Structures are given as C-alpha cells and as structure tokens.
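Have a look at the structure below, then the notes.
The values are calculated or read from the model by the stated rules, or taken from the named source; none is laboratory data. Since the model is a prediction, treat every value here as computed from it, not as a measurement. Here Cβ is always computed from backbone atoms with ideal geometry, including for glycine, and neighbour counts include all displayed protein chains.
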C-alpha cells in the first residue's frame with residue numbers, strides 16, 4: 001500500500017502569513033523584517049493640539065474624525081505629513097533642497113515608525129487649461145504613442161488609406177510590375193498651378209535635363225520655353241527613359257532616387273504605350289489627391305504641441321473674439337456716457353484722450369444712444385478702415401478713430417492680454433488636430 | 001467617449017490589429033489597460049479623457065490622483081488623504097472604501113481624515129479628536145476599532161449609534177407656491193431638463209457623481225441669475241427659458257474657498273465688524289484728543305501700525321538652506337501696532353487685545369455696542385464662538401470659512417428674497433457641525449429666502465423641504481430628473497439611487513427619534 005507522505009507543515013494562508021513572517025524573522029534575529037507595528041507620536045502641539053501622544057497602527061486603514069476645527073488636519077497633515085516629508089527631504093542634498101523650499105519642523109517632541117509619506121489632498125492641482133484627465137493620468141501620453149507607432153493614416157479628403165513607400169519598395173514594385181517594359185521616370189515639380197514658368201524651364205535645362213512632360217505631353221526643352229500663363233499646369237521632369245530589367249537594377253535605382261530628389265519625395269512613372277501613370281511617394285500620401293502628411297510622431301497627436309494643436313485656438317478649444325455685444329454692452333448708453341465699453345474706463349490710456357475728445361466734439365452722434373446710431377455707421381466702424389487724412393491734426397475727428405474701433409481693440413488686446421470692462425466673449429470650438437481620422 | 005466606453009474599446013483590441021501592430025503595441029496596451037482599470041476602480045467611469053482638469057470637482061481630482069497612486073503599486077508608504085469621499089454619492093462609497101483597502105493590502109499604511117459614517121465603520125482603527133473646536137479641541141477623545149469607538153460615548157459615537165441625530169423637521173414648509181422655473185437645459189449631459197425650484201424653501205439637488213448637478217446649477221442656473229442681477233460676463237450653458245426671475249432680487253453663492261489668502265485677512269475684517277470696531281476706537285475721548293481716525297487702528301495702513309513688520313506681527317528671516325523662520329517682530333512684540341496706538345483703550349483693552357478675543361468673549365465685551373454685536377452674534381450662532389477675531393484667514397478650515405461667509409450673510413439686513421446656492425456645504429463637517437449648519441440654513445429660509453444646496457450627505461438632504469434627484473447614472477447615462485418632491489416622496493421613488501439611501505436614512509432617523517422620545 002503506497003502511503004502518501006504529505007508535508008506536515010500546514011499550507012501558508014493569508015491569515016497566518018504575517019505571523020509566520022514574524023516568527024521567521026524573530027528566529028533569524030532580523031528585527032528589521034518585522035515592521036515597527038506603530039507610528040508613535042509624542043507631544044504634538046501644532047495649532048490647537050494639546051500635547052497629544054498617540055500610537056497609530058501601521059499597515060491599516062485608519063480614520064481620523066472629529067468636528068471641524070478639532071485638530072484632525074493639524075495632526076494628520078501639519079504634524080505627521082510635515083514630519084514625514086521633512087525627513088524624506090533631508091535625504092536629498094542641500095542643493096536639491098534649496099529648490100524645494102523646506103518645510104518647517106512641526107511642533108512635536110518625537111515621531112517614530114514613520115514611512116515616506118504621500119499625501120493626496122483635495123486642492124486642485126493645477127488651473128492649467130491645458131491639463132485634462134488624460135494628461136494627468138498619463139493615459140494621453142500612452143495613447144499618443146500608440147497612435148504614432150501603430151496607427152494607419154487615412155486621407156481627410158477622400159477617406160482612402162494613405163500609403164508610404166521607401167526607395168527599396170518603389171524599386172521592387174517597379175521591377176515586379178513593369179518588368180521588360182519601357183518606362184519613363186518622372187519627377188513632378190508643378191501640380192495644378194498657374195503660371196508661365198519660364199524660369200523653371202531654364203533651371204531644369206541648367207540641371208542637364210532634356211525633356212519635360214507638360215500637361216501629359218512629352219516635350220523637348222527649348223530655350224525661352226514657356227506655357228500659357230493663365231492656365232493650370234502639371235509639369236514633370238523626365239529623369240530617364242529606360243527598359244526595366246532586373247539585371248539593370250542599378251540604373252533604375254539611380255533614376256528613382258534622382259526622381260525622388262527632384263520631386264521632393266514624390267515621383268511618377270509613365271508607360272509610354274498605354275500612357276498610364278503610377279504615383280509613388282516617400283511620405284504618407286493619398287494616391288488620388290496627393291495630400292501628404294509628415295511622419296506621425298507622438299507630438300502630432302498632442303494638442304499641447306505646435307505639431308498637433310489646432311492652429312486657430314492653439315489647442316485650447318476656445319477662442320475669444322470681439323463681438324458687437326461685448327464692445328457695446330448696453331446699447332441704451334450713448335458714447336459720451338461710456339457706451340463703448342473699452343473706452344469707458346479711464347484707466348485705459350490711449351483711449352482716454354478719445355473720450356475727452358468726444359466731449360468736445362460737436363457731433364451729435366456721440367450724444368445719441370448707441371442703438372439709435374445707424375447700423376451702417378457702426379458697420380463702417382467695425383471693419384478695418386485706415387484713418388482718413390484730415391487737413392490738420394486738430395480737425396481729426398473721433399469718426400476716423402472709431403473706424404478702426406474693432407481692429408484696434410483686438411490689436412490692443414493681443415498686445416496687453418488685458419480684458420476691458422465687460423470683456424470679450426469666448427466661443428467654444430472643437431479641439432482637433434489638423435490631420436485626418438487615424439484609426440488603429 | 002467616457003472612460004467606460006474607452007475600456008470597452010480596448011477589449012479584444014488585439015484581434016482587430018495586425019501582427020506588426022500587436023508587437024509594437026503590446027507594452028503600450030498593457031499600460032493603458034492598467035491605468036484605465038484604476039480609473040474605473042475609483043468610480044470615475046463617467047469622465048472623459050478630454051475633460052479639462054479645471055472643471056473637475058475637488059473629490060474627482062483627488063480620486064484621479066488616488067487612481068494614479070494605486071497604479072504605482074508602491075509598498076511601505078504612508079498615505080494621508082483628506083476626505084476622499086467628497087463629491088461621492090453614497091452608492092459609490094463602497095468602491096472608494098475598496099480602493100483604499102486595496103492600497104492597504106498591498107502593504108501600505110493609510111490615514112484618512114473623514115466624516116463619513118461608512119468610512120468610519122469600515123476602518124481598522126479610528127482616532128476621534130475633540131471634544132470641541134479651536135482651543136476646546138486638540139485632545140484624543142477616543143481611539144480604537146470602530147466597535148470600541150461606538151461604545152466610547154464621544155460625540156462622534158453618539159451620532160454613529162443614533163443617540164444623537166439631526167432631527168427631522170416636524171412641520172414641513174408649505175411655501176407660498178412661488179417657483180423659479182428653468183426650461184430646456186441642454187448643456188453637457190443634460191437632456192432637455194425642465195425643473196421648478198420652489199422659492200422660500202430649502203431645496204436639495206442630489207445625484208451620483210457626474211449626473212449633471214454642477215452642469216445644471218453652477219453652469220446654467222447660477223450664470224443666468226448672475227447675469228440677470230449683476231451683469232456678470234460668464235455665459236450659461238444652453239437653455240430654453242427661465243421664469244420667475246422677478247420673484248427674487250439677488251443670487252449669492254457661498255462656497256468653502258478661503259475668506260482671504262493672506263494673514264492680513266481675518267474673520268473680523270471679512271464680516272466688516274473690524275471697521276465698526278475701528279470707528280468705535282476712533283470715537284473714544286483719548287483718540288479724539290490725539291486726533292486719531294479709524295485708519296489709525298488698521299494694521300494695513302501706515303500710521304498706527306508697527307512699521308518694522310508693517311502690521312504683520314511677524315518677521316520672516318530667510319535662512320538660506322533651511323526653511324524660513326518666523327519670529328515675532330521685535331519692535332511691537334507681535335502686537336502689530338505701535339505703542340501710541342495701543343495706549344488707546346476701550347474697557348481696558350487695546351486694539352490688539354480686542355483682536356485676541358474669542359467671539360464668545362467679544363459678545364460680552366461689546367454688549368452695549370449694537371452695531372458690533374449684531375455682526376459678532378451671528379458668528380457665535382453658527383458655532384464659531386471659539387474663533388478669535390484676529391485669527392488669520394489662512395488658518396481657517398474650509399468649513400469654518402464657509403460658516404463665516406454664511407454668518408456675514410445672516411448679519412446683513414436682508415430683503416428676504418435672496419437665492420442662495422451652496423455646493424456641498426457639508427464638506428469637512430462633522431455630524432455636529434452639520435447640525436449647526438442645518439440650523440443656520442433653516443434660519444435663512446425662515447426669513448423668506450431660498451436656499452439651494454447640492455448635496456450627497458443624507459443628514460442634510462433629509463431635512464430639506466424639496467429634493468430634486470438627477471441621474472440615474474453619471475455621464476451619458478445621466479442628465480435627467482429622476483425624482484423630485486419632499487424627502488419622503490423621493491424616498492419612495494423607483495428610479496435613481498438617492499431614493500433608496502434616503503429611505504434607509506429616514507427609517508433610521510424615525511427609529512432614533514422614537515427611541516429618544
């Protein structure tokens with residue numbers, strides 16, 4: 001009969017584990033392994049604490065309670081946290097500490113059994129408008145990285161997938177698909193633009209090329225060559241005309257690289273018989289429309305970086321603009337009574353002279369309530385008009401100054417970033433990076 | 001999308017990716033899943049990643065940091081937290097307690113300053129500090145396991161056992177039937193909410209975190225009223241219309257922000273009673289002879305104050321690599337004023353002595369000065385009798401600051417048609433403090449004003465006259481009114497989570513009251 005020899009030691013369960021550890025540690029004489037079981041506070045006198053001495057068990061969930069003002073926060077934060085923080089900072093060099101601003105020694109006789117402390121307080125960490133839940137949990141950083149490295153790009157114009165090829169890939173593709181065929185290698189330099197391009201043709205000729213393809217037609221380069229100035233053109237340089245052969249890879253590779261250089265990372269190949277072209281690009285490229293993106297980096301997906309932020313709002317999601325309501329908050333007031341908000345407060349210099357002028361001005365327009373001024377007059381004021389020249393500076397009326405009202409307000413605001421009396425309005429805008437939908 | 005939907009998106013993501021993407025993204029996905037998991041664990045699944053940090057409540061930002069800390073999986077650390085249950089509906093308390101226990105289980109010590117009943121009962125060890133506040137406090141009144149505290153007889157234990165409780169109102173206010181109606185609020189997650197706020201009552205707005213309470217009150221109702229009465233510039237979130245504005249004459253928001261950020265602010269300056277005290281001193285014969293005006297007795301103005309410390313009373317000595325040392329000013333010895341000013345005395349006390357008086361003592365001292373008494377008495381009535389008049393504003397807790405502000409409001413000659421808005425006024429308040437607060441709020445309403453509170457604390461919700469419950473869930477699952485009416489009516493509601501907890505609380509309170517009577 002086989003006897004099962006079982007271990008005589010009972011299985012270690014979570015309940016007895018600490019005791020086991022303690023016995024083992026005691027046996028080994030390692031006092032350090034057994035944690036000091038208490039945080040011991042002696043003689044705390046911070047704020048209203050009356051020489052408090054207490055033992056708080058470690059490794060437990062402890063609650064301090066008491067009425068408001070009883071001293072709980074004084075004990076928890078101003079004594080225990082402050083002391084723990086201070087001791088931890090003592091381990092840093094004096095130089096490092098000078099940056100951190102040392103904490104005062106709390107009014108307590110002794111604290112023992114303290115670990116490094118981390119406090120999680122309620123006070124909002126930052127008022128930074130660029131902080132979001134994603135940024136402070138760092139989830140945003142990981143997501144950005146995920147998108148930058150693994151995502152595929154889609155064109156925002158057509159929705160088609162973007163392709164990108166290296167030189168090697170292009171050459172292999174050509175060798176595969178155009179083997180034994182005649183091919184013209186082209187480098188696009190002009191795409192859908194108007195102009196006569198006389199200088200461009202001269203430049204191409206200087207570089208040593210003999211032929212170009214203009215609007216689909218192969219032409220020889222002649223001196224003083226030009227195209228119709230008022231029509232849209234597509235111009236490519238003919239880099240090479242060859243027959244694709246696997247043995248002659250060297251020549252093909254040279255031409256491809258040449259083409260990519262002149263075409264700024266893009267190139268075309270033309271089958272002279274079928275007249276069909278194929279487009280290649282080193283960048284992420286939409287094959288139909290030719291829209292190209294830069295290589296995605298984590299920065300591209302960050303609204304806090306100039307590479308990813310919306311150009312209008314700089315990634316804040318909101319824009320502040322001057323509206324008629326904000327400059328003229330109370331249409332019942334006339335100008336002389338402070339109807340124009342940015343001029344109402346005398347604190348804004350530069351405008352105060354305007355308001356004093358207005359009282360001298362005899363124009364009745366300034367005494368009427370703003371709302372009864374003709375709309376056309378206001379419209380004229382709010383668009384940018386240059387100051388009208390008058391014969392003498394004295395004759396220069398408020399009218400001409402008013403003409404630049406809105407733009408001058410905007411200019412002043414962007415210079416000083418100060419908001420005037422009732423301030424400006426902000427309109428919420430979608431925060432989005434300019435690149436297309438990128439899906440993983 | 002909110003975090004709950006985000007975590008769904010991550011489920012099975014590997015299948016939808018190519019081989020190459022999987023290899024690159026493996027570590028990334030692991031990290032992402034972990035972090036999102038922690039956010040779910042602390043109950044923040046209704047937040048979305050692009051939510052600006054400035055729009056989060058104190059409790060929410062604290063819980064995000066808690067989630068991050070759990071994520072670091074540090075061991076052997078002492079965590080100290082300040083009221084993590086703020087902004088947390090009762091339903092989510094359990095998740096928070098589990099998260100804290102998780103922190104403890106991986107080998108850390110956790111100290112939490114808390115008032116919540118559930119937290120206290122689920123702790124391993126409790127320290128009850130008191131018995132009173134200010135100079136009446138600072139002692140350990142009871143310590144031990146929750147069961148030991150229960151039997152200790154301290155103030156806290158009395159509330160825990162039900163011996164003491166916040167009494168339900170015997171007579172419900174019927175009000176005059178006037179209402180302020182907000183129609184068609186659609187900001188954030190609000191789903192075309194139309195709600196009537198009865199005037200002249202204590203109204204409580206409840207709902208789980210993220211259900212839309214702040215969006216409705218702070219970002220829609222308050223800016224509407226603010227713009228209407230004070231021409232404020234902040235725009236409310238979109239809404240269809242509002243009726244009943246003519247029935248109120250102003251709106252005041254009372255929060256727990258400090259009454260002053262510098263040591264030069266104190267309860268006396270905030271309530272305005274210091275101005276009266278200075279005028280009183282300036283009217284004394286001695287002051288008149290010397291030609292002292294009220295400005296002489298201000299520590300912010302040149303003339304009467306000690307110029308060495310400029311009225312601060314302290315001198316800060318910069319120690320280069322040690323922390324700054326504050327010593328009492330050697331010229332005025334911390335009294336803030338120069339000797340000549342201190343020679344003017346009222347009933348034997350100089351201006352500095354007056355600032356050192358507690359509110360309780362000041363009530364006796366100024367008994368014949370009606371203008372001063374009126375303002376100081378309210379401070380006493382809200383339970384702040386232990387504060388000194390000159391106590392620096394920076395040393396006041398949030399709850400104390402809030403009550404100073406409420407006291408100031410009570411002390412004003414009111415019109416009886418003010419609309420008060422308070423956001424979680426019970427933050428930082430113990431049961432006893434909540435009782436004081438409840439009394440103060442009831443007094444305000446008795447004068448005819450309307451008090452609207454956004455609350456999670458059932459003790460305060462149960463004494464309200466009218467409850468509006470939003471939800472049922474947070475984020476996209478919320479934004480509707482699920483129940484409204486008197487607390488009893490809401491307790492019977494079938495939808496929403498507040499009703500169930502409220503029913504529990506009402507049962508307990510009724511039981512406690514019967515036991516006492």
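For the subset of the stretch B:36-53 comprising residues that are buried (at least 18 other Cβ atoms within 10 Å of the Cβ) and in a helix (DSSP H, G or I), which member is farthest from the other protein chains (Cβ to nearest Cβ)?
B:41
Identify all residues within the stretch B:339-365 that are under 23 Å from residue B:405 (Cα atoms) and free of Cβ contacts under 8 Å to residues at least 12 places away in the same chain; write none if there are none.
Within the stretch B:339-365, B:361, B:364 qualify.
Could you identify the single residue in B:62, B:21 that is farther than 21 Å from residue A:121 by Cα and within 10 Å of chain A (Cβ to nearest Cβ)?
That would be B:21, the only listed residue that is farther than 21 Å from residue A:121 by Cα and within 10 Å of chain A (Cβ to nearest Cβ).
Which of the residues belonging to the stretch B:1-16 are more than 30 Å from residue B:188 (Cα to Cα) and in contact with a helix residue (DSSP H, G or I) (Cβ under 7 Å, 6 or more places away or on another chain)?
B:14 - this is the single residue of the stretch B:1-16 that is more than 30 Å from residue B:188 (Cα to Cα) and in contact with a helix residue (DSSP H, G or I) (Cβ under 7 Å, 6 or more places away or on another chain).
Please go through the stretch B:408-423 and pick out each residue that is touching a residue at least 60 places away in the same chain (Cβ under 8 Å) and out of contact with any strand residue (DSSP E or B) (no Cβ under 6 Å at 6 or more places or on another chain).
Answer for the stretch B:408-423, where residues must be touching a residue at least 60 places away in the same chain (Cβ under 8 Å) and out of contact with any strand residue (DSSP E or B) (no Cβ under 6 Å at 6 or more places or on another chain): B:408, B:409, B:411, B:415, B:417.
Does residue B:505 count as over 28 Å from residue A:72 (Cα atoms) and either touching a residue at least 12 places away in the same chain (Cβ under 8 Å) or part of a loop (DSSP other than H, G, I, E, B) (or both)?
Judged against the criteria, residue B:505 is not a match.
Only residues that are surrounded by fewer than 23 Cβ atoms within 10 Å (Cβ to Cβ) and farther than 15 Å from residue B:172 by Cα: list them for the stretch B:459-472, please.
Across the stretch B:459-472, the qualifying residues are B:459, B:472.
Only residues that are facing another protein chain (nearest Cβ under 7 Å), touching a helix residue (DSSP H, G or I) at 6+ places or on another chain (Cβ under 6 Å) and farther than 14 Å from residue B:137 by Cβ: list them for the stretch A:33-92, please.
Hits for the stretch A:33-92 are A:61, A:63.
Helices (runs of 4 or more DSSP H) wholly in the stretch B:367-460 with at least 3 residues that are within 14 Å of chain A (Cβ to nearest Cβ) - which ones?
Per the criteria, B:398-411, B:431-446.
(1) touching a strand residue (DSSP E or B) at 6+ places or on another chain (Cβ under 6 Å); (2) without any contact (Cβ under 8 Å) to a residue 24 or more places away in the chain; (3) surrounded by 13 or more Cβ atoms within 10 Å (Cβ to Cβ): which one isn't true of residue A:205, the others all being true?
(1)
So for the stretch A:157-165 (the condition being away from chain B (no Cβ under 11 Å), modelled with pLDDT of 75 or more and within 30 Å of residue A:246 (Cα to Cα)), does at least one residue qualify?
The answer is yes; a qualifying residue exists.
Go through the stretch A:212-253 and report how many residues are touching a residue at least 12 places away in the same chain (Cβ under 8 Å) and in contact with a strand residue (DSSP E or B) (Cβ under 9 Å, 6 or more places away or on another chain).
27
Among the residues of the stretch B:458-468, are any over 21 Å from the mean Cα position of the chain (by Cα) and more than 16 Å from residue B:438 (Cβ to Cβ)?
So far as the stretch B:458-468 goes, no, none of its residues is over 21 Å from the mean Cα position of the chain (by Cα) and more than 16 Å from residue B:438 (Cβ to Cβ).
Give the stretch A:38-73 a look and list any residue that's modelled with pLDDT under 85, more than 22 Å from residue B:108 (Cα to Cα) and buried (at least 24 other Cβ atoms within 10 Å of the Cβ), or say none.
The answer is A:67, A:68, A:69, A:70, A:71.
Looking only at the stretch B:65-77, which residues are surrounded by fewer than 23 Cβ atoms within 10 Å (Cβ to Cβ) and facing another protein chain (nearest Cβ under 8 Å)?
Passing the criteria: B:65, B:67, B:68, B:69, B:74, B:76, B:77.
Restricting to the stretch B:474-489, count the residues that are touching a residue at least 24 places away in the same chain (Cβ under 8 Å) and crowded, with 23+ Cβ neighbours inside 10 Å.
The total comes to 5.
So, residue B:27, is that one surrounded by fewer than 18 Cβ atoms within 10 Å (Cβ to Cβ), over 25 Å from the mean Cα position of the chain (by Cα) and more than 10 Å from chain A (Cβ to nearest Cβ) or not?
When the stated conditions are applied, residue B:27 does not pass them.
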